[in-house]
Each structure stands twice: as C-alpha cells, then as structure tokens.
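The values are calculated or read from the model by the stated rules, or taken from the named source; none is laboratory data. Since the model is a prediction, treat every value here as computed from it, not as a measurement. FYI the Cβ positions are ideal-geometry reconstructions off the backbone, even for glycines, and counts take in every protein chain you see.
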C-alpha cells in the first residue's frame, strides 16, 4: 500500500505530518505529476524543523487502531 503513494521510492521513508491545509499548500503541495507547486520556495525539511513548525498538530493515532 505505502509504495503506491506518489513520489515514494521503494524502501523510502515516509513521514506523516499533520498540519493545516494552508501550510500544506504553502510548503508541500505537488501537482499530479509530482512537481512542487507550493507557494513558498521549496526546501528540504529536517525532522527537527517539522517538529518545531507542525508538532502542535500531532494526533494520537494509537487509540484508533482496532
């Protein structure tokens, strides 16, 4: 299943980050061909930067498994 996500190479790492849609559109949006279309300059994010910027949006998914 995870290998069907666009832009993920085999044996790649996927990091799920919860954020408001406006931030997704600014920093991470891609078109149907996988080309970056965000409104801010594209950059590589470190885990620390993602945690600092979007950590407050984290969800506890453990209670949803079943």
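Scanning the stretch 1-41 for residues that are out of contact with any helix residue (DSSP H, G or I) (no Cβ under 9 Å at 6 or more places or on another chain), at pLDDT 90 or above, closer than 26 Å to residue 60 by Cβ and not in a loop (DSSP other than H, G, I, E, B) gives 21, 22, 24, 25, 26.
For the stretch 42-66, name all the residues that are more than 16 Å from residue 24 (Cβ to Cβ), at pLDDT below 90 and not in a helix (DSSP H, G or I). If the condition is that a residue be more than 16 Å from residue 24 (Cβ to Cβ), at pLDDT below 90 and not in a helix (DSSP H, G or I), then 60, 61, 65, 66 are the ones that fit.
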